[in-house]
Amino acid sequence: MCTILGSTIREKSVQESIKKIIQAGGLIVFPTETVYGIGADATNPEAVKRIFEAKGRPQDNPLIVHIAEKKDIYTYAHDVSERAEKLMDAFWPGPLTLVVKKKEIIPSIVSGGLDTVGIRMPSLDVARDIIRAAGVPLCAPSANISGRPSSTIFDHVKEDFMGKVDLMIDGGFVEIGLESTVIDMTQPIPVLLRPGAVTKKMIEDALEMSILDATEDDVKDVPKSPGMKYKHYAPKGMVYLLEGEKKRVCSFINEQITSNQTIKIGVIAPHEYLLEINANYQVDLGSLEHFENIGRHIFLALRQMDELNIEVIYIPALSNQGLGQAIMNRLIKAAGHRIIHL
Ligand code: TXA
Ligand code: MG
């Protein structure tokens, strides 16, 4: 096992090691613009099996196949619709995964037994260089032990996978910090399966139509993603989401801290909230004015709470609009649906 810097991927010797490892069925942890991934040859079932083992991931939860060129989708999928092509043109390379009909070449272990496959073309140059060097598409779930927050910095992938993979590539702090948007393009009307940086509105604008949304808990009769039923993103501490006006949320937290001095309480919140909170342990998500920055820091913040052995974590609920939908989706999962209405 060794680690290398993302910036050295263009060196011939590095590209050759990547190819050798992947073609021998090995595992590589690498950065993308969304989160770090743990990748293997998507056409080699034995290699893919090793990903599930390394992550401790349930086998019915399918993996995303990463490609380096748009046209490669036709090698791995059939019946790619015009609508899917519209989205590829609008958002690829980028943080959008299209669920399409899979061809035989993609083994069923990748798709969790489904006849569809999630495909995405990452926008981070290093990620595409790695796929090109590998010479095969890479299936890559987020690089975290199953159930833990996704990794957005290199230290966190090291924590989870040191000694368990063949190569780790250090790309620093990722750009987006939330996993890609997943959309099912095999249905008569596209279905949003996981919100991400490509928002529902951006998709609807590109397609000039309304899409279905399977990410809300109360939505019935739309196909769901296997991944949706698993508890995700949970830190070790107990997370509570606090819904309500800022003043009330801040006083609630202050009261809890004062009256429970034997418990290690942490707060993850935008800057504007922290100005009104007296916590010993806090992570500042930055200003409410910059939702991208908040999104980028969510998983980092959850992991930092673990590093401090925080027992109870309070997080204010934020707006559910735009990128807020992806942020709230991750926070609700981190909180195991524990929401306090104030
Ligand atoms: O940003 C990302 O997408 C990252 C980076 C590494 O690219 N990857 C990632 O993979 O988040 P993972 O495995 O953690 O999440 C894949 C999600 C799961 O919720 C899974 O259920 C869903 O995509 N998915 C994959 N293939 C699917 C399919 N054929 N049908 C429905 N859902 C699918
Ligand atoms: Mg994941």
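Details
- Annotation: amide H of Asp170 within the under-5 Å range of Ile4, Leu5, Gly6, sequence separation 5 or more or interchain, hydrogens built in the peptide plane.
- Heavy atoms of His271 accessible to a 1.4 Å probe, total area in Å² rounded to 10: 80
- Cα-based reach from Lys164 at 21 Å (exclusive), listing lysines while leaving out same-chain residues under 8 positions away: Lys19, Lys20, Lys49, Lys55
- The accessible-area ordering, largest first, of the residues Arg194, Arg132 stands as Arg132, Arg194, per a 1.4 angstrom probe.
- Karplus 3J(HN,Hα) series, Hz, for the range 169-178 with 6.51 cos²θ - 1.76 cosθ + 1.60 (x for Gly, Pro): 10, 8, x, x, 7, 5, 7, 9, x, 10
- Extension gain (nm, one decimal) between Glu272 and Lys101, 0.36 nm per residue minus Cα-Cα: 57.0 nm
- Accessible-area ranking of Cys250, Cys2, largest first, probe 1.4 Å: Cys2, Cys250
- Computing Rg and the Kirkwood Rh from the Cα coordinates of the range 3-213 gives a ratio, Rg/Rh, of 0.95.
- Taking every protein chain into account, the 1.4 Å probe leaves Leu275 with about 130 Å² of accessible area, to the nearest ten.
- Rolled with a 1.4 Å probe across the full set of protein chains, the surface gives Val35 an accessible area near 10 Å².
- Note, ³J(HN,Hα) from phi for the range 261-273, Karplus 6.51, -1.76, 1.60, rounded to Hz, x at Gly and Pro: 6, 8, 9, 7, 9, x, 10, 10, 7, x, 3, 4, 6
- Percent accessible area from carbon and sulfur atoms, the chain, protein chains only, probe 1.4 Å: 49
- With a cut-off of 16 Å on the backbone N, the residues of the range 147-181 near the modelled label site 7 Å out from Thr8 along Cα-Cβ are 166-172.
- Computed from backbone phi, the HN-Hα couplings of the range 179-193 come to 5, 4, 5, 10, 9, 7, 9, 8, 9, x, 10, x, 10, 6, 9 Hz, rounded to whole numbers (Karplus: 6.51 cos²θ - 1.76 cosθ + 1.60, θ = phi - 60°; Gly and Pro given as x).
- Dipole magnitude for the range 3-213: about 360 debye, using +1 per Lys or Arg Cβ and -1 per Asp or Glu Cβ, origin at the Cα centre.
- Accessible surface, 1.4 Å probe, highest first, among residues Met162, Met238, Met88: Met162, Met238, Met88
- One Cα centroid belongs to the range 25-50, the other to the range 181-203; the line between them spans 24 Å.
- Taking the DSSP bridge list for the range 3-213 and keeping only pairs wholly inside it, about 55 percent are antiparallel.
- Over the chain, relative contact order from alpha-carbon pairs under 8 Å, at least 6 apart, %: 19
- Less than 5 angstrom separates the built amide H of Ile119 from those of Val65, Leu98, Val99, Val100, all sequence-distant by 5 or more or on a different chain.
- For the chain, adding -39500 (n - 2.57) for each run of n ≥ 4 DSSP H residues and dividing by the number of residues yields -9500 deg cm²/dmol at 222 nm.
- Candidates Asn260, Asn61, Asn144, ranked by Gaussian network fluctuation over the chain, Cα under 10 Å, top entry: Asn260
- Built amide H within the under 5 Å cut-off of Ile313, gap 5+: Met238, Val239, Tyr240, Gly266
- Cβ-defined net charge surrounding Ile203, 11 Å radius [Lys, Arg +1; Asp, Glu -1]: 0
The values are calculated or read from the model by the stated rules, or taken from the named source; none is laboratory data. These figures come from a predicted structure and were not determined experimentally. No Cβ is skipped: glycine too gets one built from the backbone with ideal geometry, and neighbour counts run over all protein chains shown. Just the protein is used for accessible areas: all its heavy atoms, side chains included, with ligands, DNA and RNA removed. Shrake-Rupley method; radii C 1.70, N 1.55, O 1.52, S 1.80 Å.
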